[in-house]
Amino acid sequence: MTLVEPLLRSSVASMFNNEQVRADFPILKLKIDDKQLIYFDNAASSQMPKVVMDRMLRYQTMEHANINRAVHYLSETATAEYEKSRHKIKNFINANEDREIIFTSGTTDAINLVAHGYGRKFINSGDEIILTALEHHSNIVPWQMLAEENGVKIRVVPINDAGELLIEEYKKLFNKNTKLVSVTHVSNAIGTINPIKQMIKYAHTQDVPVLVDGAQAAPHMKIDVRELDCDFYTFSGHKLCGPTGIGVLYGKANQLNCMKPFKGGGDMITSVTFEKTTFNTIPHKFEAGTPPIAAAIGFGAAIDYLSSIDLSIIEEYEQNLINYATEKINTIPGTQIIGSAAEKVAVLSFSIKGIHPHDIGTLLNEEGIAVRTGHHCAQPVMQHFKVPATTRASFSFYNNISEIDALIAGIQKVQKVFL
Ligand code: PLP
């Protein structure tokens, strides 16, 4: 027995029943070619509990109509349920007001919204934006597009060989031209948790606002945007047991109020003539056209579900999973973990000497184990570690120790086949 195992059997296990939780997710019963599915691709997209599916089905069967536009029963019901979801999300991240929650199609869309609405208004030629070497492409490319258009310079916080940001270097990047910091809370590729509270505090001493990409943090830890004091925070529904096509941009009301709208169309206006359009107030100013109503309501149900488990319990349980997996994989000769930050979420990115990640993924799939192989949309991270790709097993609270044991056995099998 390892050091981590007793922990899993004691404190967290007494508060959290993994077997019971697993029963909430129909897909976990799936067999792939007679092998029990083991789903370790949660960083790409998590699975959905039945209560979320049921909620969306109820909306489609009993409540569907377009929102905001009519006085009939169905439209009023749909509008109320859509707004209830906004309210749940506001509570989930402890925002001040519902209007600070903008529904987007996901994190990518939310970052693009800020790059357009804030960037194209306030960041001009000669100005600088600070990003980090740990960013997902979603938090690089929108800024590069702005940089090309407006002559903005991008500066990048480097990382050490554990995959941690060099905070002293971060501080050195600030100067009078710095207009925004945009940083991921957690690295999707290697799991590092960045010290964003400290980074935000420092940026604010320089009068620089901060956007936090929370796509990989919100599923694993309690987020409190007021405590963080971030100006913007983004995350996606499909990584939080919710549906695809829905995500959130949180922004402080004063920031959102100053921004330009991103998309034009219905609902985001107060009046339109051919001479002039006046825009609606937040959040509607940023929600042009018919939104994914079922997805937004489903997202609200996912938030209810996660809140019923409690994020702090999830965090502790998942920490035990990653500690156990790390301990086990380190006993296998020829494996190397990519990213060994002191603070990380349950993401195990690794390579096996002499075997391409694609082959590892393919053989693990034959065991029913779903992992992701590739650059994980974070090519600068791969460049730092001088690898073209890694194999990534990312855990969720519905995973367990016996699944990790199966992964370890799978890795040993892969080595037998190839070496
Ligand atoms: N940011 C991070 C850190 C991510 O991991 C991802 C997706 O994996 C994204 C942004 C983009 O999220 P989405 O594809 O839901 O827009």
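The values are calculated or read from the model by the stated rules, or taken from the named source; none is laboratory data. Everything numeric here is computed off the predicted structure, so don't read it as measured data. All Cβ positions, even for glycine, are placed from backbone atoms using ideal geometry, and neighbour counts span all protein chains on display. For the accessible areas, the whole protein counts, side chains as well, though only heavy atoms, and no ligand, DNA or RNA atoms are used. Shrake-Rupley method; radii C 1.70, N 1.55, O 1.52, S 1.80 Å.
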Worksheet item: If we count every other residue with Cβ under 11 angstrom of N150's Cβ, Lys/Arg +1 and Asp/Glu -1, where does the sum land?
Response: +1
Worksheet, complete the sentence: To the nearest 20 debye, segment 291-419 has a Cα-centred charge dipole, built from +1 on Lys and Arg Cβ and -1 on Asp and Glu Cβ, of 660 debye
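Can you tell me the length gained on complete extension of the stretch K197 to K172, counting 0.36 nm per residue apart and subtracting the Cα distance? Could you put the intermediate results ahead of the total?
On the way: separation 25, 0.36 × 25 = 9.00 nm, distance 1.75 nm.
Extending this stretch completely gives an extra 7.3 nm.
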Worksheet, complete the sentence: Whole-Hz Karplus couplings 3J(HN,Hα) for segment 179-189, θ = phi - 60° and coefficients 6.51, -1.76, 1.60, Gly and Pro as x, run 10, 7, 10, 10, 9, 7, 6, 9, 6, 6, 7
Discussion item. Less than 20 Å from a label point 7 Å out along the Cα-to-Cβ axis of K84: which backbone N atoms in segment 266-291 qualify, by residue?
Written reply: 291
Discussion item. Name the residue from H87, G245, T108 whose Cα lies farthest towards the positive end of the charge dipole of segment 52-307, charges +1 on Cβ of Lys and Arg and -1 on Cβ of Asp and Glu.
Written reply: H87
Discussion item. Could you check the spin-label model distance between I27 and H204? Points 7 Å from the Cα along Cα→Cβ, value in nm.
Written reply: 3.7 nm
Response to the item:
Highest GNM mean-square fluctuation among K176, K285, K121, for the chain with Cα springs under 10 Å, belongs to K176
Worksheet item: Leaving out ligands, DNA and RNA but keeping every protein chain, what accessible area does Y202 have, in Å² rounded to the nearest 10, with a 1.4 Å probe?
Response: 60 Å²
Worksheet entry | Folded to 0 to 90 degrees: helix 357-366 orientation relative to the chain principal axis, Cα | 70 degrees
Fill in: Net lengthening on full extension, I154/E315 (0.36 nm per residue, minus Cα-Cα)
54.6 nm
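At R0 = 45 Å, how high is the FRET efficiency between A65 and Q383 if r is their beta carbon distance? Nearest 0.05 is fine.
Details: r = 49 Å, r/R0 = 1.10.
E(calc), rounded to 0.05, equals 0.35.
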Worksheet item: To the nearest 10 degrees, how steep is helix 311-329 against the longest Cα principal axis of the chain, on a 0 to 90 scale?
Response: 40 degrees
Worksheet, complete the sentence: In whole percent, the Cα-Cα distances of segment 291-419 spread across 10 Å bins from 0 upward as 11, 37, 31, 16, 4, 0
Worksheet, complete the sentence: Once amide hydrogens are built 1.01 Å from N within the peptide plane, the residues lying 5 or more places from L173 or on another chain with amide H under 5 Å from its amide H are none
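Restricting to the chain, what percent of DSSP beta bridges are antiparallel, rounded to 5? Before the final figure, lay out the partial values.
Numbers: 28 of 46 bridges.
Antiparallel: roughly 60 percent of the beta bridges in the chain.
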Practice prompt. Hey, can you grab everything whose amide H is under 5 Å from the amide H of K263? Only 5+ residues off in sequence or another chain; H modelled, so Pro and N-termini drop out.
Written response: A288
Discussion item. Going by amide H atoms built from the backbone, whose H comes under 5 Å of the H on L348, apart from near neighbours?
Written reply: A393, S394, F395
Practice prompt. Work the Kirkwood hydrodynamic radius out for segment 52-307: mean of 1/r over every pair of different alpha-carbon atoms, inverted, in Å.
Written response: 18.8 Å
Worksheet, complete the sentence: A correct Karplus calculation of ³J(HN,Hα) over segment 262-267, with 6.51 cos²θ - 1.76 cosθ + 1.60, θ = phi - 60°, whole Hz and x for Gly and Pro, returns 9, 10, x, x, x, 6
Worksheet, complete the sentence: Sparse-neighbourhood loop hits (GluC sites (Glu not before Pro), segment 255-327; DSSP loop; Cβ within 10 Å at most 10 others) -> E275
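Kindly identify segment 156-290 as rounded, prolate or oblate by the Cα gyration tensor criterion: order the square roots of the eigenvalues as a ≥ b ≥ c, call it rounded if a/c is under 1.5, otherwise compare a/b with b/c, prolate if a/b is larger, else oblate.
Numbers: a/c = 2.70, a/b = 1.57, b/c = 1.72.
Judged from the Cα gyration tensor, segment 156-290 comes out oblate (a/c at least 1.5, b/c at or above a/b).
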Item to complete: Check the straight Cα-Cα distances from K201 and name the lysines below 18 Å, setting aside those fewer than 8 residues away within the same chain.
Response: K171, K172, K176, K179, K252
Worksheet item: For the chain, modelled as a Gaussian network with Cα springs under 10 Å, which listed residue fluctuates most, R86, R58, R99?
Response: R58
Worksheet item: By the gyration tensor of its Cα atoms, with a ≥ b ≥ c the square roots of the eigenvalues, what is the shape of segment 31-103: rounded for a/c under 1.5, prolate for a/b over b/c, or oblate?
Response: oblate
Worksheet item: For segment 403-419, in order, what is each residue's ³J(HN,Hα) by Karplus, 6.51 cos²θ - 1.76 cosθ + 1.60 with θ = phi - 60°, in whole Hz (x at glycine and Pro)?
Response: 5, 5, 4, 5, 5, 4, 4, x, 5, 5, 5, 4, 5, 4, 5, 9, 10
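How much accessible area per residue does the chain have, counting only protein heavy atoms and a probe of 1.4 Å, in square angstrom?
Numbers: 17590 Å² over 419 residues.
Here the per-residue accessible area is 42 Å².
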Item to complete: Round to the nearest 10 and give me the degree value, 0 to 90, for the angle of helix 293-309's Cα axis relative to the longest principal axis of the chain.
Response: 50 degrees
Worksheet entry | FRET efficiency for A162 and C258, using Cβ-Cβ distance with R0 set to 30 Å, rounded to 0.05 | 0.20
Worksheet item: Which length gain, in nm to one decimal place, applies between N124 and D54 when the Cα-Cα distance is subtracted from 0.36 nm times their residue separation?
Response: 20.5 nm
Worksheet, complete the sentence: Under the helix-only model (-39500 (n - 2.57) for each DSSP H run of 4 or more, divided by the residues of the chain), the mean residue ellipticity at 222 nm, to 500 deg cm²/dmol, is -11000 deg cm²/dmol
Item to complete: Tally up the carbon and sulfur contribution to the accessible surface of segment 248-326 as a whole percent, 1.4 Å probe, everything protein left in place.
Response: 55 percent
Worksheet item: With springs only between Cα atoms under 10 Å, which of G354, G242, G264 fluctuates most in a Gaussian network model of the chain?
Response: G354
